[in-house]
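J.: If you scroll down you'll find the structure; I have some questions about it.
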Amino acid sequence: MSWWNKFLPTKIRTEGGSKKAVPHGLWAKCDACNAVLYRADLERNLLVCPKCDHHMRVGARMRLESFLDPEPRMEIGANLEPVDALKFKDQKKYKDRIVQAQKATDEKDALIVLMGQVLGIPLVAAAFEFRFMGGSMGSVVGERFVRAVDACLEHRIPLVCFSASGGARMQEALFSLMQMAKTSAALARLSKAGLPFISVMTDPTMGGVSASLAMLGDINLAEPKALIGFAGPRVIQQTVREVLPEGFQRSEFLVSHGAVDIIVDRRDMREKIASLLSILTRQAAP
Amino acid sequence: MNMNFLEFEQPIAELEAKIDELRYVGDDTDINIGEELSRLKAKCKTLTESIFANLTPWQISQLARHPLRPYTLDYIARITTHFDELHGDRAFGDDPAIVCGTARIEGRPIMIIGQQKGRDTTEKIRRNFGMPKPEGYRKALRMMKMAEKFHLPVITFIDTTGAYPGVGAEERGQSEAIARNLFEMAMLRTPIMCVIIGEGGSGGALAIGVGDHVAMMEYGTYSVISPEGCASILWKSADKAPDAAEALGITSRRLKELGLVDQIIKEPLGGAHRNVDATAVSLRGAILDTLQSFDGKDIDALVQQRYERLMRYGNFLEKDSA
């Protein structure tokens, strides 16, 4: 990218770190094939590279925006905000990290929940915001997830969750670990009520999120080539001291090992999920 | 340096070595050293008390991993009778890092499940240093479902650095195995008591840690990530593990204050390994008390209470939604 920037006038240079954020500017570059893409085209294509089909990371709002029907929509748990109850401090205070993440993302925490419809099928949809402290699961994420489940129980509608998370939020210490038990318990209740849960794992779905709510779908979907696993590849490499197999912990690997049902292209997500849900709830095809 | 003592225990080790020496000398002389011996013993006790009165969280985490610390099978041998170890997940294999079986405690039938570390090198390797693989968690789940079917209370002993981070474990679905246990334990229709006997390492510990009563040995630890792991991520240096241990609040006392564990089981002076039999007596007492509290309890009410307890975990601010 650097050589490219040198040739371009400043106006059309993209800002660095396109991997982390939705890049601004007129042009973007595909992380996978390096194709230079017109941003408007890329966004119309839901941040999937039109040249190589690489799925770039999508923020929670954009995800839900493109997934749900435009109307009706109601946000759940927006009034919940994180607190630093333990006064956790490493090199930085957790309190400051929260403020920083809130400023950078314009969100209060790393999970967004909306009640709405997909092709006319009512449901609750949740999405992780990876840019908010790596999509880590703390108390607010756990509580919002539970309220998503409660809304499903109240209205007898299905739940869909798009995961993108590094795992538990260390700064909330054992409380964050307990969110794994809390969200899984809520899903057990949803399951008992006979309501479907479709889990969509996107890049990356790791650690405590993978080892709780994300793996508990009646149907587990994944976007192509997403990193999905319990331990991070670096940790595993340090433990086993051998080169990890090609494609290890990618969506395709999870399908072949039986952990994921279907890999779904982002551009087909609405139709696919609506179709599956209509069958699981024995309704007419959407 | 005595390898069976931790660094902060070395002054105790030296004093004890002196006492032993004196005893040895005393055996083949006529000199009366009884007085000197009892003086040294008293000094040793005071020293141990003063060291153990002010342990840092990092020191406690070392105690939780002490090479002589009693493990699941040490307790099972001391507190149960009629223990029969039951093997295998019926799908892939048997994971020696998790031990399961039926047993009796003062005659009462129970299902017991615990993580097991190895004592010597051969056993350490066989038991994968107490780090379970998916088949271990699935075996544990099989036993829990059996306990549910036959109305046996489940007792779990938690003692693991964490679930094993390996290629095979990922291939066989480590995440799913842990998640499935959390899901099933939340609704299991039989009472569950969990005891953190040593290290409670993250998701790998929690996967057998959802229950109606959660107790913790005084010098056990329970954490979302190891102090070393946390330090290397947030401080970019594993040397900061003592700071991380402090910040994470991994000790029984702190977790009891925070309402995340229900009970602390006292250990003898110097830690469980200094008197395993006495520790086992305290543990058995705690288990019997808890089993008694389960007696006659309506199972629907118990499961409902367990659910409500899980839903209470967390700290957040709730603004009035205008």
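Read the figures in this text as sums done on the coordinates, not as results from a lab. As the structure is a computational prediction, the values presented were derived from the model and not from experiment. Don't worry about glycine lacking a Cβ; one is built from the backbone with ideal geometry, like all the others, and counts go over all protein chains shown.
J.: Largest first, please: the extent of the C-alpha atoms of region A:143-183 along each principal axis, to the nearest Å.
T.: Projected onto its principal axes, the Cα set of region A:143-183 covers 34, 19, 12 Å.
J.: How much mean residue ellipticity at 222 nm does the protein assembly as shown get from its helices, if each DSSP H run of length 4 or more adds -39500 (n - 2.57) and you divide by all residues, to the nearest 500 deg cm²/dmol?
T.: -12000 deg cm²/dmol
J.: Quick check on chain A: of the DSSP beta bridges with both residues there, what percent are antiparallel, nearest 5%?
T.: 45
J.: Let me ask something additional. If you take every residue apart from B:Glu148 with its C-beta less than 14 Å away from the C-beta of B:Glu148, what net charge results, scoring Lys and Arg +1 and Asp and Glu -1?
T.: Every neighbour counted, the sum reads +2.
J.: How are the C-alpha pair distances of chain A spread across 10 Å bins, as whole percents from the shortest bin up?
T.: Taking all Cα pairs of chain A, the binned fractions are 6, 27, 35, 23, 7, 1, 0 percent.
J.: Same structure again: I'm a student and want to see the number: the projected area of the Cα convex hull of the protein assembly as shown, averaged over all directions, in nm².
T.: Projected over every direction and averaged, the Cα hull of the protein assembly as shown covers 32.0 nm².
J.: If you don't mind, another one. Please compute the alpha carbon radius of gyration of chain B, then divide it by the globular-protein estimate 2.2 N^0.38 Å. Two decimals is fine.
T.: 1.09
J.: Let me ask you something else. Using a 10 Å cut-off around each Cβ of peptide A:226-232, what is the average number of partner chain Cβ atoms that fall inside?
T.: Average neighbour count from other chains, rounded to a whole number: 5.
J.: Okay, moving on. Over the Cα atoms of region B:38-84, what Rg and Dmax result, in angstrom?
T.: Every Cα atom of region B:38-84 included, Rg and Dmax give 15.8, 47 Å.
J.: Which residue, A:Lys93, A:Lys182, A:Lys272, tops the fluctuation ranking in a GNM of chain A built on C-alpha contacts under 10 Å?
T.: Among A:Lys93, A:Lys182, A:Lys272, the largest mean-square fluctuation in the Gaussian network model of chain A belongs to A:Lys93.
J.: Ratio of Rg to Rh for region B:35-135, alpha carbon only, Kirkwood?
T.: Value, to two decimals: 1.14.
J.: I would also like to ask the following. Among A:Thr105, A:Ala28, A:Phe128, pick out the residue whose Cα is farthest towards the positive end of the charge dipole of the protein assembly as shown, where Lys and Arg carry +1 and Asp and Glu carry -1 on C-beta, about the Cα centre.
T.: Selected residue: A:Ala28.
J.: Which shape class applies to region B:168-228: rounded if a/c is under 1.5, otherwise prolate when a/b exceeds b/c and oblate if not, where a ≥ b ≥ c are the square roots of the Cα gyration tensor eigenvalues?
T.: Oblate.
J.: Can you tell me what the convex hull of the Cα atoms of region A:130-249 projects to on average, as an area in nm²?
T.: Average projection, Cα convex hull of region A:130-249: 7.8 nm².
J.: Still on this structure, I have one more. At what distance in angstrom do the alpha carbon centres of region A:190-213 and region B:31-63 lie from each other?
T.: The two parts, judged by their Cα centres, are 51 Å apart.
J.: Another question, then. Partner chain Cβ atoms within 10 Å, averaged over the residues of A:78-84 - can you pull that number for me?
T.: Mean shielding count: 4.
J.: Hey, another quick one. If I take every Cα pair under 8 Å that is 6 or more residues apart in chain B, average their sequence separation and divide by the length, what percent do I get for the relative contact order?
T.: In percent, rounded to a whole number, it is 15.
J.: Cα centroid distance between region A:240-286 and region B:286-302, in Å?
T.: Centre-to-centre distance over Cα atoms comes out at 42 Å.
J.: Moving to a separate point now. For region B:113-251, give me the percentage of DSSP beta bridges that are antiparallel, rounded to the nearest 5 percent.
T.: Of the beta bridges lying entirely in region B:113-251, close to 5 percent run antiparallel.
J.: Follow-up. Determine the shielding of peptide A:90-97 by partner chains: average, over its residues, the number of Cβ atoms on other chains within 10 angstrom of each Cβ.
T.: Other-chain Cβ atoms within 10 Å of each residue's Cβ, averaged: 3.
J.: Among the DSSP beta bridges whose two residues both lie in region A:118-267, what percent are antiparallel, rounded to the nearest 5?
T.: About 10 percent, rounded to the nearest 5.
J.: Another one. Each label point is 7 Å from the Cα along the Cα-to-Cβ direction; what then is the distance between the points at B:Arg312 and B:Arg108, in nm?
T.: Between B:Arg312 and B:Arg108, the simple spin-label model gives 2.2 nm.
J.: Whole-Å semi-axes of region A:69-134's equivalent ellipsoid, largest first, each the root of 5 times a Cα gyration tensor eigenvalue?
T.: Semi-axes from the Cα gyration tensor: 30, 11, 9 Å.
J.: Past the 29 Å Cα-Cα mark, which pairs from A:Lys87/B:Lys319; A:Lys87/B:Lys43; A:Lys108/B:Lys145; A:Lys87/B:Lys240?
T.: Going by Cα-Cα distance, A:Lys87/B:Lys43; A:Lys108/B:Lys145 fall outside the 29 Å limit.
J.: Which three extents, in whole angstrom, do the alpha-carbon atoms of region A:229-286 cover along their principal axes, largest first?
T.: 53, 21, 16
J.: Test of understanding: in a Gaussian network model of chain B with alpha carbons linked when under 10 Å, which of B:Tyr75, B:Tyr219, B:Tyr24 would top the mean-square fluctuation ranking?
T.: Most flexible of the set in this elastic network: B:Tyr24.
J.: Between region A:79-104 and region A:28-51, what is the separation of their alpha carbon centroids in Å?
T.: Region A:79-104 and region A:28-51 have Cα centres separated by 33 Å.
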